[in-house]
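Single-structure report; data block below.
What follows is calculated from the coordinates using simple rules that are stated; it is not laboratory data. Since this is a predicted model, take the numbers as computed values, not measurements. With ideal geometry, Cβ positions are generated from the backbone for all residues, glycine too; neighbour counts draw on all protein chains shown.
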Amino acid sequence: MTARSGLNRFAGSDNEYFTMPEVTLPDPVQWAIPAFIVLALAEIVISRRQGRLGYELRDTAASLAMGFGELITGLLARAALLAGFAAVPFRVFDIGVTWWSFVLVVFAGDLAYYAFHRVSHRSRLWWAAHVNHHSSQHFNLSTALRQSWTGDALGWIIWVPPLVLIGFPISLIIFQQGVSLVYQFWIHTELVERMPWWFEAVMNTPSHHRVHHASNPRYLDRNYAGIFIIWDKLFGTFAAETAADPPRYGLVRNIATFNPVRIAFHEWAAIIADLRTSRSWAERVRYLVGVPGWCPDGRRQTTDALRAAWRAREAALAPAPPEPDRNEQPATAL
């Protein structure tokens with residue numbers, strides 16, 4: 001690994017990475033598709049035997065349509081963005097494709113994903129691209145396929161550039177993203193209650209991810225992890241699932257539609273409507289990149305406001321501490 005200028009190695013003739021077949025990396029998602037199908041079918045069978053209402057035909061069809069649409073939009077976005085990254089004139093290091101660079105990119109890429117995912121919940125522009133993934137009121141393996149049609153372009157703005165500038169090869173970054181996507185498939189289920197404690201402590205799990213998909217105030221904007229839950233614990237965004245408050249899936253205000261086009265673009269349409277009624281550029285900026293739910297007259301609520309209201313209710317319902325016995329004599333030292 002050496003420091004050098006020029007991302008031209010990504011596309012230039014001196015870049016052996018693209019010419020040596022032994023370092024060509026497969027697409028983990030393509031390899032995993034048969035497992036996706038088998039696991040989803042198994043989940044359907046087990047859910048029915050247990051009497052769970054985990055799947056709804058129209059909801060599942062909408063998720064599959066969203067996943068299929070993302071295959072097309074994702075390819076177009078990646079092609080355009082890869083061409084742009086190849087033109088960047090600088091990177092800090094030249095990192096080859098080795099076992100240690102793969103280990104390193106798994107952690108670095110997952111941290112970058114955490115940052116991107118957190119922004120996707122805290123900035124409306126990115127939320128508009130991500131909200132469709134949270135729009136299902138069911139939580140099952142088909143929900144993992146409810147992918148964004150506009151998220152690739154916005155996601156790569158935050159997720160990929162730091163990794164490119166550090167010096168990871170583009171193909172290694174794409175491979176890590178595939179690994180992350182495959183890993184996150186299996187955690188979209190209610191059939192797995194808890195993994196062993198040591199696994200729950202480090203890795204993202206179905207329990208942790210149920211929290212992320214829940215609309216309960218205590219769970220809002222929590223557990224952004226992709227593969228490793230350690231990032232949420234380090235940066236103060238972790239919440240544990242509790243039986244006293246079972247997750248309710250979906251959005252704070254559900255959109256009540258199974259139409260894939262409406263699912264994909266309803267928040268973009270809402271942004272346009274808000275921008276048209278804005279009274280100043282400051283309002284337009286906050287409508288576009290501010291916290292989702294913000295509005296100048298306060299008639300909507302952000303997740304911060306919803307959580308604050310929930311905490312106030314919890315505090316009001318908490319039992320008051322016992323009154324001290326005024327007739328009790330203080331203890332005297334012997």
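Is the shape of region 166-316 rounded, prolate or oblate, going by the alpha carbon gyration tensor and its root eigenvalues a ≥ b ≥ c, with a/c under 1.5 for rounded and a/b larger than b/c for prolate? Oblate, since a/c reaches 1.5 and b/c is not below a/b.
For the chain, the residue among PRO28, GLN177, ALA153 whose Cα projects farthest onto the positive side of the dipole built from Cβ charges is ALA153. Shape call for the chain from the C-alpha gyration tensor, a ≥ b ≥ c root eigenvalues: rounded (a/c under 1.5), prolate (a/b greater than b/c) or oblate? Because a/c hits 1.5 or more and a/b exceeds b/c, the chain counts as prolate.
What does the C-alpha gyration tensor say about the overall shape of region 135-197? Classify as rounded when a/c is under 1.5, otherwise prolate if a/b is larger than b/c, or oblate.
Details: a/c = 3.10, a/b = 1.70, b/c = 1.83.
Here region 135-197 falls in the oblate category.
Using only the alpha-carbon atoms, how far is helix 57-86 inclined from the longest principal axis of the chain? Give it as 0 to 90 degrees, nearest 10. Helix 57-86 sits roughly 50 degrees off the main axis of the chain.
Cα convex hull of region 52-174: mean projected area in nm², to one decimal? All intermediate terms of the calculation are to be shown ahead of the outcome.
Numbers: hull surface 35.2 nm².
Reported value for the Cα convex hull: 8.8 nm².
How large is the dipole of the chain about the Cα centre if only Lys and Arg carry +1 and Asp and Glu carry -1, each at its Cβ, rounded to the nearest 20 debye?
Approximately 900 debye in magnitude.
Under 5 Å between amide hydrogens, built in the peptide plane, is the criterion, and for PHE228 it picks out ASN204 among residues at least 5 positions away or on other chains.
Once you reduce region 257-285 and region 115-173 to the center of their Cα atoms, the two points are 19 Å from each other. Amide H contacts under 5 Å for PHE93: ARG4, GLY167, restricted to partners 5 or more places along the chain or on a different chain, H placed in the peptide plane at 1.01 Å from N.
Once the Cα atoms are used to define both axes, helix 303-317 deviates from the longest principal axis of the chain by about 20 degrees. The peptide list 308-314, 218-224, 128-134, 67-73, put in order of mean Cβ contacts within 10 Å with the highest first, becomes 128-134, 218-224, 67-73, 308-314.
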